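Inspection log for the structure reproduced underneath, given as structure tokens.
The values are calculated or read from the model by the stated rules, or taken from the named source; none is laboratory data. Just so you know, these numbers come straight off a predicted model, no measurement behind them. In case anyone asks, the SASA skips ligands and DNA or RNA and just uses the protein heavy atoms, side chains included. Shrake-Rupley method; radii C 1.70, N 1.55, O 1.52, S 1.80 Å.
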Amino acid sequence: MRSLNRLKWLHAFEATARHGSFTRAAQELGVTSAAVGQLVRSLEDWVGYPLLHRTRTGKERLALVDEARDALQDITQGLDKLETGLNKLRGRQARSVVVITASQVLVMNWLMDRLNRFSETHANIDLRLNVTEKLMDVQHGEADIGIRCGQGDWAGVNKTWLMDEEAVLVCSPHIVSPEKMTCGEWLSTQKLIHDDTSHPGADFPSWGDVLSVLNAPKARDSGLHINSTSAVILSALGGRGVAIVRHALVKSLIETGQLAQLHPEHRWPLKWSYYVVTPQKSVIRSEVKVFHDWLIQDVLSENM
């Protein structure tokens, strides 16, 4: 009898072996590193010996024992064959469907209007949206195309640059008068909203960085800390304080007057950009290419 648990063990083991890291495997699989480690340990218990050992080459990494290295290619090919079989089950009906994946905050504040515009002119293509941060949805064919923001150093996908990103300062127009929008002293007296979401490698500015650049006094209190970018934007919209956010996520809110941009003469470029990503191992279907090309052209024409 086949065991589904063993499939989960192999999935976690293959990702760990590829990355040499429980942490990076967990990021790909969309679970915690502890969960990945437990799945790999369960596989080790079943086979009866350790499959990984730690080496030190600059920093601690995981390396395969000889037996595991010999088996890895078969395991990888087996998982790939399973994906091929699953995609065949989708059959001919799937050829008119494009599955798109993006993070919640990007969907809410940037992507949804574009999906509506695309559907108005491409009624023969059915768009399905998978809201998630997991890149594995694209890597393993669970989604046809994804929009991701980062440094672009993702393995297992093809990527096309879409646009660069920068941080901006925003607040509700109800809490700031026009003459205060470029006033550093006013800014330092406001409740500062801190986005505690992880931005690895982005050089996302802190409030200390911002106030220093503006030659503004230090803030009077510790501010409001939130670990969700969506909630940060909602808090700014609700007049809870001033926030540092990614420009693409609030551009339409600024243009419609729902948010006011403070100190627009100052720029905080990020080391993150937006990319369109597609599976590396699959031939891109014609309708996926239609959406891929349309999205790139739509963004380019908007930023011209």
Of the convex hull enclosing the alpha-carbon atoms of the range 223-304, the direction-averaged projected area in nm² is 8.1 nm²
Degrees, to the nearest 10: 112-121 long Cα axis against longest axis of the chain | 70 degrees
Span per principal axis, largest first, for the Cα atoms of the range 131-242 (Å) = 50, 26, 25
Solvent-accessible area per residue for the chain at a 1.4 Å probe radius, Å²?
-> 54 Å²
Can you list the lysines whose alpha carbon is less than 22 Å from that of LYS218, not counting same-chain residues fewer than 8 positions off?
-> LYS180, LYS191
Segment GLN151-LYS289, extension gain: residue separation times 0.36 nm, minus the distance between their alpha carbons | 47.4 nm
So what is the orientation-averaged projected area of the chain, using the convex hull of its C-alpha atoms, in nm²?
-> 19.5 nm²
Report, in whole Å, the centroid distance computed from the Cα atoms of the range 106-122 and the range 254-304.
-> 12 Å
For the table LYS134/LYS289; LYS8/LYS281; LYS8/LYS159, the rows whose alpha-carbon distance is greater than 25 Å are LYS8/LYS159
Alpha-carbon Debye profile of the range 194-245, log10 I(q)/I(0) at 0.22 Å⁻¹ = -0.90
